[in-house]
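Worksheet: the structure to be examined is printed underneath.
The values are calculated or read from the model by the stated rules, or taken from the named source; none is laboratory data. Values in this document were obtained by computation on a predicted structure and should not be read as measured data. As a convention, Cβ positions derive from the backbone with ideal geometry for all residues, glycine included, and neighbour counts pool all protein chains shown. For the accessible areas, the whole protein counts, side chains as well, though only heavy atoms, and no ligand, DNA or RNA atoms are used. Shrake-Rupley method; radii C 1.70, N 1.55, O 1.52, S 1.80 Å.
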Amino acid sequence: MLEIGSGPTKDEDIEYYDDPSGDDVRTNQPIIVTSESGRGSGLSVILNVQPNDYPPWSSIPYYGAKILLSDPNDYPETTILYKFVSIGESLDMKVQPMVFQSDDDVRRVSPERRSCWFHDEAVLEYTDRYSHETCITECKMRNFLKYCGCVPYKYPIDATTRICEFEHLKCLNNVTAYISEEQRACYPICYMECRDKRYSITSDLTPFVSRLFPTTVIENHNVSELSALQVYYARASCNSYKLMLLMDLNYFIATYGGIFSLSFGASLLTVSELVYLFGLFLLKLLHNTGR
């Protein structure tokens, strides 16, 4: 595994997974990344489920963990993926990314026509980098605050924002179920990101076999209460989709002007001459009519 740190000059519109929040290594843990694929790479975790810690009134119908998969730069709500692993199970999550790129020429097209934002084009309240998922989350927060006067506890809020309580549950539900989309409109419009990545997952579930893991990890633990998780890239390559500007005025003139010239033996100079002659003809005609 590799840690992202200082390196070559960074492109401001490409996502880098480093956390500049502090210099103390105890509070500033950089995100760990890998460029390898296969079960031998990625993340391997042993989960100590400890079923005795579950209260008798818990509504969770199983002992285990819920594994969430999301982009670390997005608020984990809109496009989040998840899997469950129960006690005595080993879960393999195989991740397949999709990369979306856009040429800089696309910036000349209005966001309404291209239906996407570059990261530096739209301003959000709780992040300095635009994200489709975070934009939708902030839009929900504004609607909850507008109609209910509070925001659910799970959202990022400042010290002056009121957190919703049980008495607000009906209002929160009404905002989601009965307020029209026009009334819940977002500003800025939450277009997709012009440069982004998404993930899909497949999984395998097998019984937990303790001898497959280092004894230094599982010793002093009750093996019957353990579960395992492996997260890794399924393949060494992925699909990349690119948005580009295929035709502009220069391309139109160069392409169709050349075809017109080859087909009819004409050029832009010929067209200019025709317009000039036609103008002279009109002026002469108007002059003769005035007599």
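Can you tell me which residues in the stretch 128-153 are in contact (Cβ under 8 Å) with a residue 40 or more places away in the chain and of a type outside the set (D, E, K, R)?
TYR130, SER131, HIS132, THR134, CYS135, ILE136, THR137, CYS139, ASN143
Kindly provide the set of residues from the stretch 62-89 that are touching an Asp or Glu at 6+ places or on another chain (Cβ under 9 Å), within 26 Å of GLU138 (Cα to Cα) and among the β-branched types (Val, Ile, Thr), ordered by number.
THR78, THR79, ILE80
Of the conditions (1) more than 30 Å from TRP117 (Cα to Cα); (2) modelled with pLDDT under 85, THR206 satisfies every one except a single condition; which number is it?
(2)
Hey, among the residues in the stretch 109-137 that are assigned to a helix (DSSP H, G or I) and of a type in the set (Asp, Glu), which one's farthest from the chain's Cα centre (by Cα)?
Initial filter on the stretch 109-137 (assigned to a helix (DSSP H, G or I)): 111-114, 132-137.
Among the residues that remain, those that are also of a type in the set (Asp, Glu) are: 112, 133.
Working: GLU112: 19, GLU133: 6 Å.
Top of the filtered list is GLU112.
Failed condition for ILE189, given (1) closer than 30 Å to ASN48 by Cα; (2) open to solvent by 40 Å² or more (accessible area, probe 1.4 Å), with all others met?
(1)
Please go through the stretch 68-78 and give me each residue that is farther than 23 Å from LEU205 by Cβ, open to solvent by 50 Å² or more (accessible area, probe 1.4 Å) and either touching a Cys at 6+ places or on another chain (Cβ under 8 Å) or at pLDDT 85 or above (or both), ordered by number.
TYR75
Restrict the check to the stretch 16-36 and report whether at least one residue is within 24 Å of THR215 (Cβ to Cβ), at pLDDT 85 or above, open to solvent by 60 Å² or more (accessible area, probe 1.4 Å) and in a loop (DSSP other than H, G, I, E, B).
There is no residue in the stretch 16-36 that is within 24 Å of THR215 (Cβ to Cβ), at pLDDT 85 or above, open to solvent by 60 Å² or more (accessible area, probe 1.4 Å) and in a loop (DSSP other than H, G, I, E, B).
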